[in-house]
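The values are calculated or read from the model by the stated rules, or taken from the named source; none is laboratory data. None of these values were measured; they are calculated from a predicted model. Glycine also receives a Cβ, built like all others from the backbone with ideal geometry; neighbour counts cover every protein chain displayed.
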């Protein structure tokens, strides 16, 4: 995928969980060699950020369902391998569009 993918990690306030997610996502995209930019934001700002992928905790998923081409919802943002699996699925979903 040649174009840079825009990923937003979001949480309720946009400071704690989303920042941890952002750093973890950056590690994953570096490992995978994916051309992407990662930001973190609060739930209310996601749509205006116009992301390709939004990553949120499961309980925020419905709030961002229409804010991105792909939504990655996670229960445990410390489980890097599970997040990696879900991001790979989202990257593949974007490729199929």
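How many residues does the range 75-97 contain that are surrounded by 13 or more Cβ atoms within 10 Å (Cβ to Cβ), modelled with pLDDT under 95 and in contact with a helix residue (DSSP H, G or I) (Cβ under 9 Å, 6 or more places away or on another chain)?
Summing the residues that are surrounded by 13 or more Cβ atoms within 10 Å (Cβ to Cβ), modelled with pLDDT under 95 and in contact with a helix residue (DSSP H, G or I) (Cβ under 9 Å, 6 or more places away or on another chain) in the range 75-97 gives 1.
Within the range 1-24, work out how many residues are within 19 Å of residue 59 (Cα to Cα), touching a helix residue (DSSP H, G or I) at 6+ places or on another chain (Cβ under 7 Å) and not in a loop (DSSP other than H, G, I, E, B). Working first, answer last.
Taking the range 1-24 and keeping what is within 19 Å of residue 59 (Cα to Cα), we get 7-22.
Next, from what is left, pick out any that are touching a helix residue (DSSP H, G or I) at 6+ places or on another chain (Cβ under 7 Å): 7-12, 14.
Adding the requirement that they be not in a loop (DSSP other than H, G, I, E, B) leaves 7-11.
Of the residues in that region, 5 qualify.
Can you say whether residue 20 is surrounded by fewer than 16 Cβ atoms within 10 Å (Cβ to Cβ), touching a residue at least 40 places away in the same chain (Cβ under 8 Å) and under 12 Å from the mean Cα position of the chain (by Cα), as far as the supplied structure shows? Steps first, please.
On the way: surrounded by fewer than 16 Cβ atoms within 10 Å (Cβ to Cβ): yes; touching a residue at least 40 places away in the same chain (Cβ under 8 Å): yes; under 12 Å from the mean Cα position of the chain (by Cα): yes.
Considered against the rule, which asks whether it is surrounded by fewer than 16 Cβ atoms within 10 Å (Cβ to Cβ), touching a residue at least 40 places away in the same chain (Cβ under 8 Å) and under 12 Å from the mean Cα position of the chain (by Cα), residue 20 comes out as yes.
Among the residues of the range 24-66, what is the count of those that are without any contact (Cβ under 8 Å) to a residue 24 or more places away in the chain and either surrounded by 14 or more Cβ atoms within 10 Å (Cβ to Cβ) or within 14 Å of residue 84 (Cβ to Cβ) (or both)?
Number satisfying all stated conditions: 6.
Considering only residues that are under 11 Å from the mean Cα position of the chain (by Cα) and either closer than 19 Å to residue 59 by Cβ or part of a helix (DSSP H, G or I) (or both), which ones fall in the range 30-46?
Within the range 30-46, 40, 41, 46 meet the criteria.
Results for (1) at pLDDT below 95; (2) in contact with a strand residue (DSSP E or B) (Cβ under 8 Å, 6 or more places away or on another chain); (3) farther than 24 Å from residue 95 by Cα, shown as yes or no for each residue.
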{"site": "3", "(1), (2), (3)": "yes, no, no"}
{"site": "7", "(1), (2), (3)": "no, yes, no"}
{"site": "16", "(1), (2), (3)": "yes, no, yes"}
{"site": "21", "(1), (2), (3)": "yes, yes, no"}
{"site": "30", "(1), (2), (3)": "no, no, no"}
{"site": "37", "(1), (2), (3)": "no, yes, no"}
{"site": "53", "(1), (2), (3)": "no, yes, no"}
{"site": "57", "(1), (2), (3)": "yes, yes, no"}
{"site": "66", "(1), (2), (3)": "yes, no, no"}
